[in-house]
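The values are calculated or read from the model by the stated rules, or taken from the named source; none is laboratory data. These numbers come from a predicted model, not from an experiment. We place every Cβ from the backbone using ideal geometry, glycine too, and count neighbours over all the protein chains shown. Protein only, heavy atoms only, side chains kept; ligands, DNA and RNA dropped before computing areas. Shrake-Rupley method; radii C 1.70, N 1.55, O 1.52, S 1.80 Å.
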Amino acid sequence: MHIGIVGLGLIGGSLGLDFREAGHRVSGVSRSPDTCRIAVERGAVDQAQPEFTLLHDADVVFLCTPLGVMQETIQTLIPHLSAQTILTDVGSVKQSVVYTLEPLWRRFVGGHPMAGTEHTGILAAIPNLFRDRPYVLTPTPQTDSEAQSILRSLIQDLKSQYYECTPIQHDRAVALISHLPVMVSASLLQACLAEPDVEILKLAQSLASSGFRDTSRVGGGNPELGRMMAEHNQTEVLRSLQQYRQSLDQIIELITEKKWDALEQLLTQNLAKRPNFVDQ
Ligand code: NAP
């Protein structure tokens, strides 16, 4: 199959590496000529250039640019595609992308590979990034079922776990497990930085160890990513933060009222339920 990748960064480059490994021909388009050159040198693509003409006979094109430029990218790309080309995106938020891009291309299917690292750009691309990780497609009643099943078989080539849900279900679930943790962790850091006693603040910074490293990691990461989550998934991020505020109020109340047994019960429930979210 001839696969096109637009935006040769961490996700686009990593997809290229795995699709080539699976025997597909991969053409890349990225705005920077340097990125295109490095992508070829690293074996992420068979060929690459900044112009979309390379994709005129692509069977499937993956849009791997930042969320904010997906619409303008697809508008420039469309005149270069054959009518049969299947188009998909890898954006981390689905409602805004799917409902903007779907009316522009008949064979569009939204998608999201749930894998990444803290690094960006073509030099961060690595093989097997998607292996054993979830890859979600978010079809709508308008989605072309043949396009969806072709994408599903490509996702199997990545050795990913295939999931399917609506765009709103996706954004709600991802708000809970990805976007809410970033905001909670960011507010944890802000709460510590708000300590008025400079000596205590310095002492806390010296004593901070693995627990603080774990809980502050996602809130102390890439600021653009946090902004992107809030901006493009505003409703669901706010919904998850309201749920979180209720949980926090509940814990504050238990501590204020010295309801130690109830607090322990809540923590025991967490201990039992956490493995439903993450492997331990
Ligand atoms: P990235 O490493 O920064 O790569 C994005 C690439 O898009 C860049 O290499 C750049 O190519 C190109 N690009 C950047 N700004 C552009 C612009 N204004 N116009 C045109 N092209 C531009 O980012 P990424 O982490 O791969 O993320 C790409 C997409 O994957 C995003 O939509 C994100 O939501 C989604 N995603 C990310 C993760 C994650 O953990 N990082 C996980 C799943 C999905 P040049 O170098 O040629 O400029």
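What to note about this one:
- Residues in the range 60-80 that are in contact with a His (Cβ under 7 Å, 6 or more places away or on another chain) and free of Cβ contacts under 8 Å to residues at least 60 places away in the same chain: 80 only.
- Residue count for the range 211-225, restricted to those that are under 25 Å from residue 120 (Cβ atoms) and surrounded by fewer than 10 Cβ atoms within 10 Å (Cβ to Cβ): 1.
- Residue list for the range 191-210, restricted to those being of a type in the set (S, T, N, Q) and surrounded by 10 or more Cβ atoms within 10 Å (Cβ to Cβ): 205
- In the range 104-154, the residues that are in a loop (DSSP other than H, G, I, E, B) and aromatic (Phe, Trp, Tyr): 105, 130
- Failed condition for residue 57, given (1) free of Cβ contacts under 8 Å to residues at least 40 places away in the same chain; (2) more than 14 Å from the ligand (Cβ to nearest atom); (3) part of a loop (DSSP other than H, G, I, E, B); (4) not hydrophobic (A, V, I, L, M, F, W, C): (1)
- Scanning the range 172-190 for residues that are touching a residue at least 24 places away in the same chain (Cβ under 8 Å), open to solvent by 70 Å² or more (accessible area, probe 1.4 Å) and not β-branched (Val, Ile, Thr) gives 172, 176.
- Residue count, the range 5-54 (criterion: in a strand (DSSP E or B) and charged (D, E, K, R)): 1
For every residue, the table says whether it meets (1) surrounded by 17 or more Cβ atoms within 10 Å (Cβ to Cβ); (2) on the phi < 0 side of the Ramachandran plot; (3) within 15 Å of the ligand (Cβ to nearest atom).
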position: 105; (1), (2), (3): yes, yes, no
position: 119; (1), (2), (3): no, yes, yes
position: 124; (1), (2), (3): no, yes, yes
position: 130; (1), (2), (3): yes, yes, yes
position: 135; (1), (2), (3): yes, yes, yes
position: 145; (1), (2), (3): no, yes, no
position: 161; (1), (2), (3): no, yes, yes
position: 164; (1), (2), (3): no, yes, no
position: 170; (1), (2), (3): yes, yes, yes
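- Criterion applied to 51, 41, 72, 21 was being open to solvent by 70 Å² or more (accessible area, probe 1.4 Å) and within 11 Å of the ligand (Cβ to nearest atom), and the one residue passing it is 72.
- Some residue of the range 89-100 being assigned to a strand (DSSP E or B), open to solvent by less than 50 Å² (accessible area, probe 1.4 Å) and closer than 26 Å to residue 173 by Cα: yes
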